[in-house]
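The values are calculated or read from the model by the stated rules, or taken from the named source; none is laboratory data. Computed from a predicted model, the values in this text were never measured in an experiment. Positions of Cβ are generated from backbone atoms using ideal geometry, with glycine treated the same way; all protein chains shown enter the neighbour counts.
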Ligand code: SIN
């Protein structure tokens, strides 16, 4: 084993949840933070709009709680929401003490509004680069702690389980060197899996590895049918689905169809600030032609917005649009929904504990039930702070000792023909687009599961004989997460939040006011 990697605590992922946990753990033991690319490359880094937090006392906190519950469409775990809104202000205050700079005017914090928020409560940084600022502040602090080391450009290929407990992990570095690393406790904070779909606001690293690792180690996944599509990603041929923050609508943007109609009034009285699932489906429906294909362009329009310099308020978005000849003041911006955030994840209690001893999860990779069927905009950075800290505290409180780690299997040495794994991933993505996108129905989901099984078989065959690689790990992770999404979506024969079944268009509280649980084989439902 590489002695550099020996640590008390292993944290998988360097987004807000992973870094917040690492900082908490570092006071009591050595921490290794493993991340597939540079520390800055996580979903956190790309979060634009902001961080929702109620900093003005009990009434404000109660409203934040209420908005979280309403957005989640009858499925939010009330204790999780209560924990988020009550502990959030403390975590944000602490973050500011650690150097995070949020936008201010005359010394006062600026707050914006996003969909389904009853009041402006979203702090932002550098206009539209909030996640990057939070990630920066946490990374600076983490790097200053002697007890924290980073293994960048390193992929976790496996969690080591002995006697029903996670006792370490196998790490693959960028040179292809595999090391088995013992740890007293392991935290999965590796984010979501947007790469499962062809159009996503997520970076390339978001392949659901943490979920797949946890599932293989014996943990359960919960609420996997709820994948949030952001309604407004840039839609230009050959250009990534760049996020166009909900804060644009908070500052007055309209959504218009190809006939120039502002259409949201036909879908929800809250118009462009209706919950995200409602807006995303409306954009999707307006984009459909008579044959059900996405053939009509939908636009975000701010040309009517006056009294605000949009380039100054949204510098990152403006700069990206300018590269493509577009300007928020002058142009309608072509948009489409894109996979953005997984409400489901590794099933945990409110302290990040999974059902496997030694294994914890936090942030987007975890599911406490906080988001229910639809996450309230800008609750995710706060979730990472609050539940990252709580998971770390549980890891410390459980005080597990280092265990004897069994030897790793010898490494195989067969290279995979170039392009083979990428082809399988492409097929998987197209399957998920078609069968488990914004609108679902039974036949499509069954087809999806059959195609997913074919992809899984092909990948297992490759993995069984090939040299381990990041590409294979990611493809297998996507495949495992796809199975969980398809199975859970098939089992939930109702529509709720981000999960819309065209064959079961109504919400059915009696049968499905519950969370789904996927154990790798079966889906069950529990309160
Ligand atoms: C956005 O800026 O629209 C993203 C915020 C979020 O996903 O919560």
### Message
Which numbered condition in (1) surrounded by 16 or more Cβ atoms within 10 Å (Cβ to Cβ); (2) within 16 Å of the ligand (Cβ to nearest atom) is the only one that residue 120 fails?
### Response
(1)
### Query
In the range 242-271, what count of residues is obtained for those that are surrounded by fewer than 23 Cβ atoms within 10 Å (Cβ to Cβ) and either on the phi > 0 side of the Ramachandran plot or within 14 Å of the ligand (Cβ to nearest atom) (or both)?
5
### Task
Give the residue, chosen from 252, 292, that is in a loop (DSSP other than H, G, I, E, B) and more than 27 Å from the chain's Cα centre (by Cα).
292
### Query
For residue 219, are the conditions met, namely being within 16 Å of the ligand (Cβ to nearest atom), closer than 21 Å to residue 341 by Cβ and either assigned to a strand (DSSP E or B) or modelled with pLDDT of 95 or more (or both)?
no
#### Entry: Pair list, Cβ under 6 Å, 6 or more apart: the range 359-381 residue over 18 Å from residue 20 (Cα atoms) and more than 15 Å from the ligand (Cβ to nearest atom), other residue at pLDDT below 95 and assigned to a loop (DSSP other than H, G, I, E, B)
none
### Task
Run down 385, 342 and say which single residue is closer than 30 Å to residue 466 by Cβ and either in contact with a helix residue (DSSP H, G or I) (Cβ under 8 Å, 6 or more places away or on another chain) or at pLDDT below 95 (or both).
342
### Query
Hey, does the range 487-502 have a residue that's surrounded by 15 or more Cβ atoms within 10 Å (Cβ to Cβ) and at positive phi?
yes
### Message
When you check residue 427 against the structure, is it within 30 Å of residue 467 (Cα to Cα) and either modelled with pLDDT under 95 or within 16 Å of the ligand (Cβ to nearest atom) (or both), yes or no?
### Response
no
### Task
Among the residues of the range 109-128, write down those that are under 30 Å from residue 34 (Cα atoms) and at pLDDT below 95.
126, 127, 128
### Summary
Taking the range 341-397 and keeping residues surrounded by 24 or more Cβ atoms within 10 Å (Cβ to Cβ) and assigned to a strand (DSSP E or B) leaves 341, 342, 345, 346, 347, 359, 360, 361, 366, 367
#### Entry: Hey, residue 338 within 19 Å of residue 438 (Cα to Cα), within 16 Å of the ligand (Cβ to nearest atom) and in a strand (DSSP E or B) or not
yes
## Note on the structure
Of the candidates 356, 404, the one satisfying the condition of being more than 18 Å from residue 18 (Cβ to Cβ), away from the ligand (no atom under 16 Å from the Cβ) and touching a helix residue (DSSP H, G or I) at 6+ places or on another chain (Cβ under 8 Å) is 356
### Task
Of the conditions (1) more than 16 Å from the ligand (Cβ to nearest atom); (2) at pLDDT below 95; (3) over 19 Å from the mean Cα position of the chain (by Cα), residue 27 clears all except one; give me its number.
(2)
### Query
For the range 497-524, what are the residues that are touching a helix residue (DSSP H, G or I) at 6+ places or on another chain (Cβ under 7 Å), assigned to a strand (DSSP E or B) and closer than 15 Å to residue 74 by Cβ?
499, 516
#### Entry: From 52, 22, 38, residue being modelled with pLDDT of 95 or more and away from the ligand (no atom under 16 Å from the Cβ)
22
### Message
Looking at the structure I just gave you, is residue 436 farther than 30 Å from residue 489 by Cα and either over 30 Å from the mean Cα position of the chain (by Cα) or at pLDDT 95 or above (or both)?
### Response
no
